[in-house]
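For reference, the structure discussed in these notes is given below.
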Amino acid sequence: MTRRRRFEQWLLAAAIAAAGIAFGAEERVVAALFSAARSGDALPAGWKPLVASDAVPRTRYTLVDDAGITVVRAESKAAASGLSKPLRVDPAEFPWLRWRWKIDNLINNADLRSKEGDDFPARLYVMFDYPLEKLSLAERSKLRLARALFDPDLPAATLCYVWDNKSPPETIVPSAYSDRVRLIVVASGAARVGRWTDFERNVAADFRAAFGDEAPPVKAIAIATDTDNTGAFATSYFGDIYFYKQRFTNKSPGETTIP
């Protein structure tokens with residue numbers, strides 16, 4: 001273990017102690033533990049490509065070492081795809097989602113309100129097992145068609161946390177492609193480009209804010225970097241992801257930065 005990694009683990013333990021929280025295995029759900037792998041290894045079991053169209057080049061995902069910690073690097077050049085993992089989590093019991101990511105650059109021509117600009121250097125999807133009977137007849141018909149064309153497991157409700165180029169944090173809008181996907185901006189602009197940032201979100205509260213309903217069980221998560229609509233290039237990094245019963249920090253429900 002490198003000196004940097006030992007220091008970061010000490011920093012993490014100190015943050016937990018300062019918050020007065022001791023997390024046991026029963027207090028959290030591990031969604032992604034990339035740090036347990038080695039740089040150059042195959043992606044951990046359970047992760048599979050998330051592809052909307054075979055006509056578009058795919059984003060390249062690899063495990064790399066970053067300051068002694070293994071993370072996922074995403075490289076996208078006019079490309080689009082993600083990595084998804086099935087996961088069952090009850091947001092009523094484990095509402096707090098915590099993750100870390102880093103981007104090397106913004107996508108200058110991105111516009112989250114248009115299909116032509118629907119690109120992000122970093123996305124984190126939380127997919128929910130939302131009952132079809134709660135959808136309107138028109139929405140059910142569109143979802144069934146999409147499932148037949150693209151993915152039989154396509155969820156009926158998804159939160160997508162994004163790093164945008166200009167929209168302010170806490171912006172919530174429907175995806176330009178589907179109003180069953182709600183985009184939530186958690187980071188914006190270039191202030192922390194090239195630096196790791198931790199985020200903490202209450203997915204139950206975010207689901208209510210986005211869809212006006214109580215959150216059903218989580219069925220899957222996904223990470224993604226996409227640049228197909230703008231034709232741009234982006235490189236991003238994703239760290240471990242957890243669901244917790246309690247808040248990790250006493251800061252705001254969004255960004256919690258580490259220098």
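What dipole magnitude, in Debye to the nearest 20, does segment 67-172 give about its Cα centre under +1 on Lys/Arg Cβ and -1 on Asp/Glu Cβ?
Dipole size: approximately 140 debye.
Got the relative contact order for segment 45-100 handy, in percent, Cα pairs under 8 Å and 6 or more residues apart?
Relative contact order for segment 45-100 comes out at 39 percent.
Calculate, in nm to one decimal, what V193 and K166 gain on full extension: separation in residues at 0.36 nm each, minus their alpha carbon distance.
8.4 nm
Give the cross-link partners of K102 among the lysines, using a straight C-alpha distance below 28 Å as the criterion and excluding same-chain residues fewer than 8 apart.
Candidates past the 8-residue exclusion: K48, K77, K85, K115, K166, K219, K245, K251.
All of the numbers you see were taken from the coordinates with simple rules; none came from a lab. Owing to the predicted nature of the structure, the values given are computational and were not obtained by experimental measurement. Glycine gets a Cβ as well: all are built from the backbone with ideal geometry, and neighbour counts include every protein chain shown.
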